[in-house]
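Novice: Can you keep this structure in mind? I'll have questions shortly.
The values are calculated or read from the model by the stated rules, or taken from the named source; none is laboratory data. This structure is a prediction, so every number in the text was calculated from the model and none was measured. Every residue, glycine as well, gets a Cβ built from its backbone with ideal geometry; the counts of neighbours run over all protein chains shown.
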Amino acid sequence: MATVMQKIKDIEDEMARTQKNKATSQHLGLLKAKLAKLRREILAPSERGAGGGAGSGFDVTKAGDSRVGLVGFPSVGKSTLLNKLTGTFSEVASYEFTTLTCVPGVIRYRGAKIQLLDLPGIIEGAKDGKGRGRQVISTARTCNCILIVLDAIKPISHKRLIEKELEGFGIRLNKQPPNITFRRKDKGGINFTTTVQNTQLDAETVKAILGEYKIHNADITLRYDATADDLIDVVEGNRKYIPCVYVVNKVDQITLEELQVMDRMPHYCPVSAHLEWNLDGLLDKIWEYLNLIRVYTKPKGVNPDYDDPVILSAEHTTVEDFCNRIHKDILKQFKNALVWGSSAKHKPQKVGKEHVLEDEDVVQIVKKV
């Protein structure tokens, strides 16, 4: 591990010394590819579950409809936030590193069960295997949304450090996967095409990066001004694109002027966990970023069950997804469905299993006779 760590440091030092311009872009692209490969070596053991894997307290079984991770430096109030939001006991103390294992809790919100994980305080160097950083970030990769909890006294510097740690482990916050087509082939060399003029990536840089991965035959198509980092992300293929809310805690300790400056920060939610300020606003934000919808069941001749909705991810909202969420055998007897709500053209509308549902629709499944 020490040799990998030293190689990472050497490459980072060389990148810091290298001026960024057109002439050095190929060299920097190559260094970034080498760096990504080395970082993967650090992460790989915990992904395989061998040699420094998740470890005690980190193997938390996924429960509920979605998983949200609390990430932040020690003593920023993550445990207090967990207690207030879930009622779960998580030891709270004013000294650093109270939470040494991963503590789960469940929020019940709008009919959904949201698992909230209080991850141990992240420290600088987590992505390089320091402290319990590797376990923390490996668990963070399994989350559907991340809450980066920041202290209102020094939010910006901590925000940058945590982002750097998560980025180093292949977590991309509030980003979409790069719009790059990458297809390996058996022969024909590297075929590079772009629909954009004067891109940051030229054919030589692309070949240098792919060469580092021993890829000599591939088709690459860019549809926007992509960077070397974007191409490396696509080639690595193991990046996690996770929505993130920056929870600025302890806002009761700063001035109104300071709060107004923070208001310009995107994806931001101010709270005081201790005084329970704006926790409703935070729950609304979590719901928005998880991108979930509620669908209510209606057995024949009975009113809809509004107390126990079926929760679907916004990417998977067909009637078929709805059926599978309830029980995988339902589709075997499925004839059609009756839908009431915003997705229905009339009330009710008879639909097939490919019909796309919307939030708070009501569905009645009609079975084959």
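Novice: Assess whether residue 241 counts as being surrounded by fewer than 19 Cβ atoms within 10 Å (Cβ to Cβ), over 29 Å from residue 116 (Cβ atoms) and within 27 Å of the chain's Cα centre (by Cα).
Specialist: Considered against the rule, which asks whether it is surrounded by fewer than 19 Cβ atoms within 10 Å (Cβ to Cβ), over 29 Å from residue 116 (Cβ atoms) and within 27 Å of the chain's Cα centre (by Cα), residue 241 comes out as no.
Novice: Under the condition of being of a type in the set (Val, Ile, Thr) and over 11 Å from residue 363 (Cβ atoms), which residue from segment 296-316 is surrounded by the fewest Cβ atoms within 10 Å (Cβ to Cβ)?
Specialist: Only one residue fits best here, namely 302.
Novice: A further question follows. In the same structural domain as residue 270 (by TED's automatic domain parsing) and surrounded by fewer than 17 Cβ atoms within 10 Å (Cβ to Cβ): which single residue out of 183, 160 fits that description?
Specialist: Answer to the check: 160.
Novice: Given (1) crowded, with 18+ Cβ neighbours inside 10 Å; (2) assigned to a helix (DSSP H, G or I), where does residue 324 come up short, assuming only one miss?
Specialist: The failed condition is (1).
Yes/no per residue for (1) exposed (fewer than 13 other Cβ atoms within 10 Å of the Cβ); (2) assigned to a loop (DSSP other than H, G, I, E, B); (3) aromatic (Phe, Trp, Tyr):
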| site | (1), (2), (3) |
| --- | --- |
| 172 | no, no, no |
| 196 | yes, yes, no |
| 208 | no, no, no |
| 225 | no, yes, no |
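Novice: Right, next: Hey, can you tell me all the residues within segment 306-330 that are hydrophobic (A, V, I, L, M, F, W, C) and modelled with pLDDT of 95 or more?
Specialist: 310, 311, 312, 319, 322, 323
Novice: Still on this structure, I have one more. Do we have residue 221 as assigned to a strand (DSSP E or B), assigned by TED's automatic domain parsing to the domain that holds residue 8, surrounded by 13 or more Cβ atoms within 10 Å (Cβ to Cβ) and not aromatic (Phe, Trp, Tyr) here?
Specialist: yes
Novice: I'd like to verify a number: residues in segment 1-16 that are free of Cβ contacts under 8 Å to residues at least 40 places away in the same chain and more than 25 Å from residue 198 (Cα to Cα), how many?
Specialist: 11
Novice: Next up: Of all residues in segment 241-283, count the ones that are assigned to a helix (DSSP H, G or I) and either of a type in the set (D, E, K, R) or closer than 14 Å to residue 155 by Cβ (or both).
Specialist: Adding up the residues that qualify gives 10.
Novice: Right, next: Mind checking which residues of segment 250-284 are buried (at least 20 other Cβ atoms within 10 Å of the Cβ), closer than 23 Å to residue 66 by Cα and not small (Gly, Ala, Ser)?
Specialist: Hits for segment 250-284 are 269, 270, 271, 282.
Novice: Could you tell me which numbered condition residue 339 fails, if it satisfies all but one of (1) assigned to a strand (DSSP E or B); (2) assigned by TED's automatic domain parsing to the domain that holds residue 245?
Specialist: Only one criterion in (1) assigned to a strand (DSSP E or B); (2) assigned by TED's automatic domain parsing to the domain that holds residue 245 is unmet by residue 339, namely (2).
Novice: What number of residues in segment 344-360 are within 28 Å of the chain's Cα centre (by Cα) and of a type in the set (S, T, N, Q)?
Specialist: 0
Novice: Test residue 330 against the criterion of being touching a helix residue (DSSP H, G or I) at 6+ places or on another chain (Cβ under 7 Å) and surrounded by fewer than 19 Cβ atoms within 10 Å (Cβ to Cβ), and give yes or no.
Specialist: Yes; evaluated as a whole, the condition is true for this residue.
Novice: Could you figure out which of (1) surrounded by 15 or more Cβ atoms within 10 Å (Cβ to Cβ); (2) assigned to a loop (DSSP other than H, G, I, E, B); (3) in the same structural domain as residue 71 (by TED's automatic domain parsing) isn't true of residue 165?
Specialist: It is condition (2) that residue 165 fails.
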